[in-house]
Amino acid sequence: MTAATGAPARHAIPGPPAHPLLGNLREARRDPLAFYPAARRDYGDIVRFRSLGPLRWYLFSHPDDIDYVLRRNARNYHKGIFAASIVPLVGEGLLTSEGEVWRRQRRLEQPAFHRQRLAALAADMTAAAVATAEGWGEPARVGRPLDVAAEMSRLTLQIVGRALLGTDTSGAAATVAGALPATLEYTMYRAESVFPLPLRLPTPRNRRFLRARAALDRLVYGIIAERRRTGADGDDLLSMLLAARDAETGEAMTDRQLRDEVLTILLAGHETTAVALSWTWFLLSQHPEAEATLHAELARVLGGRAPTAADVPRLPYTRQVIEEAMRLYPPVWATGRQALGDDEVRGYRLPAGSPVVLSPWVTHRHPDFWERPDAFEPERFAPGRAAGRPHLAYFPFGGGQRQCIGNGFALLEAQLIVATLAQRYRLRPVPGHPIEPEPTVTLRPRHGLPMTLHERSAA
Ligand code: HEM
């Protein structure tokens, strides 16, 4: 199968010069957020990099080629090594499994994310946001800055716990926040290493990771045991997982499978949304005109009351602000696929086993598809403005059959949170504090995001 044809297949894919032993690994690791965009700019929409010895990896930046890998020829691409780095943490859950196992689990979990089901969860989402707004009253009054990145993590963790797992995770926020840095660090190490050291070696990094994973395991097994003990039969995702029976064997999921699915939902379901919200607050603070437009929409539609699911379609600018924040700072800044068999893309030959990086960070700022790519302009997502823009020029949630299952959940949640908190507060970064994205599995603010909170009524 051939994607759009270009150069003849016998031509080598262009790419930067490489160190004879280490290839391009060092530069890619040192500063991937600069390395990959520069490679696209200098070598084009398909770039080849050298790893150790004969190993190669590739970057595809054109929306048509991303569509080719994720949709049109998805059968020839699996997650492969890109999932392998996350497996030590989340095991074989929905994010990392492949083939029949993945298909069965996706079918099983999908109903928990249906539109009507989400609408029913909106009240819980707003209630959690209102509680956060209340809690911010005191720091706002005394002028004490809060780490808004940590606040957003706590809030989104609480929401995913309550809405999907029927569990109050407010007591677990510290456990998760404490475990995340070591797990993200280790996952990134696995992703970047050609020969990672086995986990049984007691290196400081391995030990930090195993301690953090054990803490998350205790939490997740605790959630499962508690639900089994109370026998509560809700209609949330955890109930669906517990009630699932294999169509052939009639067997329930093992504890290990349950743990993998629950941990996947717990982590994938909160960290990404928290990152999206953190950058949204930061960008609003830097663009007072966009902030004023947002405030005007909230005043017109809500007039100070808490938002409901029914309000959400009438808050288009709120949504545009979040979409534009995820364009500039995509929470999952890169994903990837590995070719199963030989392929040909734009006339280039791509050997079986080739890893292909697909990076929203790169494509979302691609000047062929975005005017003033580095500017924050929520109006680009206004209805009608996307005409002519290729579908996967924007893919914060991935694409094709492995597209994010929590896409609608996350957008609803983010809109309700922004609508609730922005009605009450204006957030401003602490002057002098460095703000920069850190490319681990997600794109968190590297040094946190301390901000001061200003009551709008008092402004
Ligand atoms: C702004 C928030 C979010 C962003 C940016 C995001 C991003 C993504 C991306 C890019 C993928 C595809 C990865 C790939 O193709 O390699 C993905 C998959 C996934 N996401 Fe999200 N996500 C978000 C929120 C959520 C939420 C709220 C949940 C659950 C409640 C969730 C659960 C998952 C799961 C389970 C998968 C794997 C789906 C599959 O392979 O079938 N995500 N997400």
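Couple of notes before you dig in:
- All conditions but one from (1) more than 16 Å from the ligand (Cβ to nearest atom); (2) closer than 23 Å to Ser61 by Cα apply to His454; the one that does not is (2).
- Residue check for Arg48: in a helix (DSSP H, G or I) and of a type in the set (D, E, K, R): no
- Per the listing Ala274, Ala290, the residue uniquely within 16 Å of the ligand (Cβ to nearest atom) and part of a helix (DSSP H, G or I) is Ala274.
- Consider the range 72-95 and keep the residues that are within 19 Å of Val356 (Cα to Cα) and assigned to a loop (DSSP other than H, G, I, E, B). The one that is nearest to the ligand (Cβ to nearest atom) is Leu95.
- With respect to the stated conditions, Glu297 is of a type in the set (Asp, Glu) and surrounded by fewer than 23 Cβ atoms within 10 Å (Cβ to Cβ).
Conditions tested, residue by residue: (1) surrounded by 16 or more Cβ atoms within 10 Å (Cβ to Cβ); (2) at pLDDT 95 or above.
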{"residue": "His78", "(1), (2)": "yes, yes"}
{"residue": "Glu109", "(1), (2)": "yes, no"}
{"residue": "Gln116", "(1), (2)": "no, no"}
{"residue": "Ala119", "(1), (2)": "no, no"}
{"residue": "Ala122", "(1), (2)": "yes, yes"}
{"residue": "Met125", "(1), (2)": "yes, yes"}
{"residue": "Trp136", "(1), (2)": "yes, yes"}
{"residue": "Ala149", "(1), (2)": "yes, yes"}
{"residue": "Ile159", "(1), (2)": "yes, yes"}
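- Subset of the range 297-336 (residues that are of a type in the set (D, E, K, R) and in contact with a Pro (Cβ under 7 Å, 6 or more places away or on another chain)): Glu324
- First in the range 69-94 and farther than 25 Å from Ala212 by Cα, second anywhere and of a type in the set (Asp, Glu) and near the ligand (Cβ under 10 Å from one of its atoms), Cβ under 6 Å, 6 or more apart: His78/Glu98
- Within this structure, Val321 fails the test of being out of contact with any Gly (no Cβ under 7 Å at 6 or more places or on another chain), in a loop (DSSP other than H, G, I, E, B), β-branched (Val, Ile, Thr) and within 14 Å of the ligand (Cβ to nearest atom).
- Within the range 223-246, being assigned to a loop (DSSP other than H, G, I, E, B), of a type in the set (A, V, I, L, M) and more than 26 Å from Cys404 (Cβ to Cβ) holds for one residue alone: Ala232.
- So Gly178, is it within 28 Å of Leu241 (Cα to Cα), part of a helix (DSSP H, G or I) and more than 20 Å from the chain's Cα centre (by Cα): no
- Hits in the range 181-201 (condition: in contact with a Phe, Trp or Tyr (Cβ under 9 Å, 6 or more places away or on another chain) and either within 16 Å of Val332 (Cα to Cα) or assigned to a helix (DSSP H, G or I) (or both)): Ala182, Thr183, Glu185, Tyr186, Thr187, Tyr189, Ala191
- Residue count, the range 340-365 (criterion: crowded, with 19+ Cβ neighbours inside 10 Å, touching a His at 6+ places or on another chain (Cβ under 9 Å) and not polar (S, T, N, Q)): 2
The values are calculated or read from the model by the stated rules, or taken from the named source; none is laboratory data. Quick caveat: nothing in here was measured; it's all calculated off a predicted structure. Don't worry about glycine lacking a Cβ; one is built from the backbone with ideal geometry, like all the others, and counts go over all protein chains shown.
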